[in-house]
Amino acid sequence: MSKPSPGHSREAATVDVVLVGAGVSGMYAMHKLRQSGLTVQGFEAGSDVGGTWYFNRYPGARCDVESVDYSFSFSEEVQQEWDWSEKYATQPEILSYINFVAERFDLRSDFAFDTRVLSAEFDEEASLWRVTTDQGHDITSRFCIFATGCLSAANVPNIEGRDTFAGNTYHTGHWPHEGVDFTGRRVGVIGTGSSGIQSIPLLAEQADQLCVFQRSANYSVPAGNAVLDEATRREQKANYAERRRLSRLSGGGSPFTADPRSALEVSDEERIEAYNKRWTLGGVLFGKTFADQTSNIEANDTARRFAEDKIRSVIDDPAVAEVLIPKDHPIGTKRIVTDTNYYETYNRDNVTLVDLKSDPIEAIDEAGIKTMSEHYELDDIVFATGFDAMTGALERISVTGRGGVTLKQAWEAGPRTYLGLGVPGFPNLFIMTGPGSPGVLANVILAGEQHADWISDFITYLDDHGLRTVEATTSATDAWVEECSERASRTLFPSANSWYLGANIPGKPRVFMPFIGGFGTYRQICEDVSASGYKGFEMVAADD
Ligand code: N01
């Protein structure tokens, strides 16, 4: 089934491609690469497909992009056959959908599950990648593709005494498959990002006492979730082609477009009406009501004040409301959370909000969490403390390129990619939805599809032209890193201590990692690069 591969006269590769990760990006990459006639060996640390949706099983986990959009677009049959039950599907429903797609396209058969890739080393002599795993694999491939996810390397903060806690600890990103019953228990949650904010209302319903340990408040907008009736589904399915066309041209990978006007150029009434409308529709898109909300601080302030009033209107205790209102970042510069009953939860008698800004955690001990002024006795601690985002999963694998340089070394001062796809010094290596890509700021399923199509077409091009290796040039990479940074600097995003900048991980270099220029713009750039014969990549012929 595989075409004869350039380079095979030296040493035969075990497979054309080693693909790491069976999340949504890796799943589609598997499908696309096999369709292109390539042999693929996939490795996945989890026991099944799904990535994020396989691991993040905490109560309340849902997507914050509408499911009709946050779904594979490559198969019209799947689009027409699958019925989403809600506007924002729950994690179990998303995982069922993922399993449905995996079965339909036989995506599991070339993945080894429960298998963690330990190392990938580029053999310069043979022009092959040598890949080892914790299950004893030792194989070679012409190409190595990392679809390891941007939010997959859990961050469990190194709080003094953490391991002395006598109760149970959980991380939202590695939730037990059998679920957890918190009935009658005293539970502490550390962290109020998306994972914390989604899980807190449900934990509060179950637990006897819930203490929320908040270091930074986050903006959250009610999801406005709804059951999808048959008529809505029929209408969505009938218009899928147009939905996808608009999504591919858009900034965020959904058919949504912001009001192109400045928030400052419309009348107060018009502005409030627009915010009210978006707030009622719900979710993260509130942050994009007007085009300049995340680039002009005064425009941003109008949205921020609106959101603050909404928070105050829900919470009974004004002092609690003040703690829950963020003071440290413009709205939308950290991902706005899409919640269900979050703020209302603080009106419950069994919920206590601990403001770590005024009363920081000193230590965890056997019996609970000790802040500077209090000791909270707990049976369970939930770490909703996020991820070593974008680079963490990649850097935990020993990836060695030319000259024995590891990816970790190459990225010591921050990640450096060309288009988010290639890395200088690492021939025949591709990254999906990683740093330098718009993935985390867009609809990551569509971003993954775009990457997989582009990479697959590139490999076909190389084979058709008798080329053995390809490598992003240093100059193209420098220019891309500069472009990503320059585009970010034109926005308010760098002013927030977000995981986009690595600010949540002590010691991590502060670099704005994603491409913020929009999904549609990025697609066009990638298309221009391929149309030009892959400018910015250096290619070496098979017989050189
Ligand atoms: O992680 P986070 P997340 N002591 O990094 C706190 C996506 N996602 O898993 O802000 C005390 O956002 C930390 O505090 P601070 C989405 O893109 C989507 O919640 O660093 N607190 C913060 O409050 C999202 O942005 C969905 O001061 C500590 C929290 O832990 C991304 O994943 C659902 C601490 C971490 O928040 C990450 O979200 C879930 C410490 N030592 C996730 N260390 C959807 O809705 C960290 N914190 C689709």
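Of the whole protein surface, Asp138 contributes about 110 Å² of accessible area at a 1.4 Å probe radius. For Asn155, the residues 5 or more places off, or on other chains, whose built amide H falls under 5 Å of its own are Gly386, Phe387, Asp388. The convex hull around the C-alpha trace of the chain, projected and averaged over every direction, spans 24.9 square nanometres.
Tell me the volume per residue, in Å³, of the convex hull enclosing the alpha carbons of segment 368-510. Could you put the intermediate results ahead of the total?
Values: hull volume 22.8 nm³, N = 143.
Dividing the Cα hull volume of segment 368-510 by its residue count gives 159 Å³.
About the centre of its Cα atoms, the chain shows a dipole size close to 740 debye [charges on the beta carbon of Lys, Arg (+1) and Asp, Glu (-1) only; nearest 20 debye]. Here's the picture: charge each Lys and Arg Cβ at +1 and each Asp and Glu Cβ at -1 in the chain, and of Met372, Ala299, Ala13 the one pushed furthest to the positive end of that dipole is Ala299.
Accessible area, 1.4 Å probe, largest first: how do Asp114, Asp123 sort?
Values: Asp114 80, Asp123 35 Å².
Ranking Asp114, Asp123 by accessible area, largest first, yields Asp114, Asp123.
Summarising the amide proton neighbourhood of Thr352: residues at separation of 5 or more, or on other chains, whose placed amide H is nearer than 5 Å comprise Leu210, Cys211, Val212.
Remark: segment 251-404 projects, on average over all directions, an area of 14.6 nm² (convex hull of Cα atoms).
Per-residue 3J(HN,Hα) values for segment 518-531, derived from phi via the Karplus relation 6.51 cos²θ - 1.76 cosθ + 1.60 with θ = phi - 60°, read x, 5, x, 4, 4, 4, 4, 4, 4, 5, 5, 5, 5, 5 Hz in sequence order (x marks Gly and Pro).
For segment 121-132, backbone phi angles converted through the Karplus equation (6.51, -1.76, 1.60; θ = phi - 60°) give residue-by-residue couplings of 10, 7, 8, 5, 4, 8, 6, 9, 8, 10, 10, 10 Hz, Gly and Pro being listed as x.
Please label the shape of segment 72-226 as rounded, prolate or oblate, based on the square roots a ≥ b ≥ c of the eigenvalues of the alpha-carbon gyration tensor (a/c under 1.5 means rounded; beyond that, a/b larger than b/c means prolate, else oblate).
Numbers: a/c = 2.39, a/b = 1.37, b/c = 1.74.
It is oblate, given that a/c is not under 1.5 and a/b is not larger than b/c.
Taken about its Cα centre, segment 150-226 carries a charge dipole of about 200 debye when Lys and Arg each add +1 at the Cβ and Asp and Glu each add -1 at the Cβ.
How much FRET efficiency would the formula 1/(1 + (r/R0)^6) give for Gln524 and Ala112, where r is the Cβ-Cβ distance and R0 is 30 Å, rounded to 0.05?
0.25
For segment 74-199, what % of the accessible area comes from carbon and sulfur atoms, probe 1.4 Å? Heavy-atom surface of segment 74-199 belonging to carbon and sulfur, 1.4 Å probe: 44 percent. Against the longest alpha carbon principal axis of the chain, how many degrees, from 0 to 90 and to the nearest 10, is the axis of helix 240-249 turned? That works out to roughly 90 degrees.
Split the accessible area of segment 358-407 by element, probe 1.4 Å, and carbon with sulfur accounts for 48%. Taking each of Lys32/Lys408; Lys87/Lys237; Lys370/Lys508; Lys334/Lys357; Lys237/Lys334 in turn, the alpha-carbon distance tops 24 angstrom for Lys32/Lys408; Lys370/Lys508; Lys237/Lys334.
With +1 on each Lys and Arg Cβ and -1 on each Asp and Glu Cβ, and nothing else charged, work out how big the dipole of segment 352-395 is about its Cα centre, in Debye to the nearest 20.
Numbers: 2 positive and 11 negative charges, 42 e Å.
Roughly 200 debye for segment 352-395.
Remark: segment 162-297 carries 47 Å² of accessible area per residue (probe radius 1.4 Å; ligands, DNA and RNA excluded). Amide H contacts of Ala61 (H built 1.01 Å from N, in plane; Pro and chain starts excluded): Gln91 sit under 5 Å, all sequence-distant by 5 or more or on other chains.
Annotation: the antiparallel percentage among DSSP beta bridges lying fully within the chain is about 40.
Values of log10 I(q)/I(0) for segment 324-430 across q = 0.10, 0.11, 0.19 Å⁻¹ run -0.57, -0.66, -1.05, by the Debye formula with one identical scatterer at each alpha carbon and no solvent.
The values are calculated or read from the model by the stated rules, or taken from the named source; none is laboratory data. Remember, predicted model here, so these are calculated numbers, not experimental data. Glycine gets a Cβ as well: all are built from the backbone with ideal geometry, and neighbour counts include every protein chain shown. Side chains included, ligands, DNA and RNA excluded: accessible areas come from the protein's heavy atoms. Shrake-Rupley method; radii C 1.70, N 1.55, O 1.52, S 1.80 Å.
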